[in-house]
Amino acid sequence: MIGGRMIAEASALDAELLAVKKRLNHLEEEVRTLTAANLALVRAMEGLLADRANLVAAG
């Protein structure tokens, strides 16, 4: 009976490992999305600051 128990535990561990891998993939995708959004925000802010500096210099 010990062998059957080990197989059942191995199957449960395999299922848990698969779930963890799927969660990790999802989190990695979220990190990529947030990183891209952050970069876009930084570039937009830099553009606004550059525009403001040009207005002040021209003013």
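Kindly indicate whether R52 is loosely packed, with under 10 Cβ neighbours inside 10 Å, free of Cβ contacts under 8 Å to residues at least 60 places away in the same chain and part of a helix (DSSP H, G or I). So R52 does not fit the description; no.
Looking across the range 16-59, the residues that are at pLDDT 95 or above and either in contact with a Lys or Arg (Cβ under 6 Å, 6 or more places away or on another chain) or among the small types (G, A, S) (or both) come down to A19, A36, A37, A40, A44, G47.
The values are calculated or read from the model by the stated rules, or taken from the named source; none is laboratory data. Treat the numbers as computed from the prediction; the structure is a model and nothing was measured. Note that we place each Cβ from the backbone using ideal geometry, even for glycine, and neighbour counts take in every protein chain shown.
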